[in-house]
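Take a look at the structure below.
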Amino acid sequence: MPSKEPPTEMPLHRTPHSIRVMVLALVAALGAGCAGSGSVPAAAVGGGARGTSESAMGMPGESAMGLPGESAMGMPGAQFACTGLPAPGTASCTLAINLNAAPSANPNQPAALIPGLHPDDLQSAYALPSQNAGGLVAVVDAYDAPGAESDLAVYRSAFGLGDCTSANGCFRKIDQRGRTALPAPNGAWAEETALDLQMVSAACPRCTIVLVEADSASLDDLGAAVDTAASLGPKAISNSYYALEWSGESAENVHYHHQGIAVTASSGDRGYAAYPAASPYVTAVGGTSLRAASGGWSESPWEYTGHGCSAFVPTPRWQTGTSCTTRSAVDLAAVADPQTGVATFDAAAGGWLVAGGTSVGAPLVAAAYALSGRPAAPGYSYRHPAGFRPVGGTGYQPITGLGSLNGVTGL
C-alpha cells in the first residue's frame, strides 16, 4: 500500500493484545448506534481477534500519529480512500491510492503514458484465459457511484477492451432491492466502485457486469445487496470491504452462501483477520507486491494484508495446512501493494490513479472464477493447489494463502 519509510515499530505479530483491545473499545464507544438494523449488533466489537494486531504506532497509525494514510506517518506513500476503522456493524472499503504517482485528468491519455499495471499485465502475471466469454460478474459496493459507467468507459477505451455499457446490455447498475432507486453518493466508495468494475474488465473483458449498490456501508445493507446480486445468477460476486470481527458474525454468513456462485472478499488492509473474509463461504483474497522481473513476474507478500486466525469462526473442514486453530482469513492472493499497483480511472478523484489494497484482488479473482466457467466453493482450491503459485514460501502462507493465480484451474 515507498518514498517514505514508516517509523520503527514493534512487529505486528508481536504487539501486545491490549493495544488493539483499547483501540477497538474506543471505536465501539464512538461508533455505537451506527450499525444496520438487522442481525449486526450496535456494539459488535469485543474481545479482539487472535493473531496480528496494531503496534503502538498503529497499522501504521491507529494512534495520535493518525490512521493509515492520514498523516506523514501513515501507510508509506499511500492513502486509504475510506479512512479510519469502520464503526461496529459497518464495513470499510479497502482501496489504497499511491501518492507517489500524480493523477492525470486526461481521459484520452495514451495507454503508454498511464502508470500502474494494465490489463495485459494482470492477464500475463496470472495466466488468465481472458479470451473466454466468462459470463455475469456481480460487484457489491456501498452507496452510489454516479460516474461508474463513464469511468469504466474511459478505462476500457484506453486499453482496447471494447464497450461495456448499459446501452449494449453489458453493464447494469441497481440498488440493493434490485431496482433503480439508487442510494446517496459517496466519494470514497465511488473510488472503490470504479476500481472494482475496472478490475473485472481487466481480467475478463468479455464478462458482463452488474453493480449492486447497497444503501449504506452497514453489513445488513451490504448483505442484502449480495443476496440481490445472487438472485441474478452471476458466476461470481465480488466484495471489496471489511468489517471488524464480532461474536455474532456467523449470523451474516447466510448472505455469502449461494450454491453455484463464487463469492470473493478482500481480506482487508490492517494486518488482522476481518469479516466477511473470515466467513467459511467466501474466497478470501490477500495481497502481494507484483513486479516485472526477467521477462516474467516476481511476487512477494504485502505486509499490510489483513490476515490471521479468526477470533470466532471455526476452521472449515476444507481448509488445511494453516497454523490456526480457527478459520485462517486468507485463501489466495493478488496484487495489493499500491507501490506496485494497478491503473484505474475515476474522474471525480482526479482521473488516472495508481491503486492498491486488497480491493484489487476481490474483483480480479471474481472475474477469474467467471473465466473458469465452473466456479466452485473455496474448498476446491485447497484440493487443487497446483492452480496457484506459492508466494512467500512453500505451502500455505498466512498473508498469501495458497498463493496467486496460475490460470484458473484452481478455481
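Computed quantities for the displayed model
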| quantity | calculated |
| --- | --- |
| Of the criteria (1) within 15 Å of the chain's Cα centre (by Cα); (2) farther than 22 Å from Ala277 by Cβ; (3) among the hydroxyl-bearing types (Ser, Thr, Tyr), which one Ser240 fails | (2) |
| Qualifying residue in the stretch 308-321 (condition: in contact with a Gly (Cβ under 9 Å, 6 or more places away or on another chain) and within 25 Å of Ala194 (Cβ to Cβ)) | no |
| Residue satisfying all of: in the stretch 156-215; touching a Leu at 6+ places or on another chain (Cβ under 7 Å) and among the acidic types (Asp, Glu); nearest to Ala236 (Cα to Cα) among these | Glu213 |
| Residue pairs meeting the criteria (Cβ under 6 Å; at least 6 apart or on separate chains; first on the phi > 0 side of the Ramachandran plot, in the stretch 105-134; second of a type in the set (A, V, I, L, M) and buried (at least 21 other Cβ atoms within 10 Å of the Cβ)) | Gly116/Val342; Gly116/Ala343; Gly116/Val354; Gly134/Ala370; Gly134/Leu371 |
| The stretch 253-275: number of residues that are closer than 27 Å to Gly356 by Cα and touching a helix residue (DSSP H, G or I) at 6+ places or on another chain (Cβ under 7 Å) | 10 |
| Subset of the stretch 289-318 that is exposed (fewer than 15 other Cβ atoms within 10 Å of the Cβ) and among the aliphatic types (A, V, I, L, M) - its residue that is farthest from Ser250 (Cα to Cα) | Ala293 |
| Test: residue in the stretch 339-346 that is part of a strand (DSSP E or B) and acidic (Asp, Glu) | yes |
| Count - residues of the stretch 350-370 that are small (Gly, Ala, Ser), touching a Leu at 6+ places or on another chain (Cβ under 9 Å) and closer than 14 Å to Tyr126 by Cβ | 4 |
| Filter result for Pro129 (surrounded by fewer than 17 Cβ atoms within 10 Å (Cβ to Cβ), over 14 Å from Gly356 (Cα atoms) and not hydroxyl-bearing (Ser, Thr, Tyr)) | yes |
| Sole exception among (1) at pLDDT below 95; (2) of a type outside the set (A, V, I, L, M, F, W, C); (3) not in a loop (DSSP other than H, G, I, E, B) for Arg374, by number | (3) |
| Matching strands (runs of 3 or more DSSP E) fully within the stretch 253-328 where at least 2 residues are among the hydroxyl-bearing types (Ser, Thr, Tyr) | 262-266, 283-293, 296-301, 326-328 |
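The values are calculated or read from the model by the stated rules, or taken from the named source; none is laboratory data. Note that the coordinates shown come from a computational prediction; the quantities given were computed from them, not determined experimentally. For neighbour counting, all protein chains shown are included, and Cβ atoms are generated from backbone atoms with ideal geometry for every residue, glycine included.
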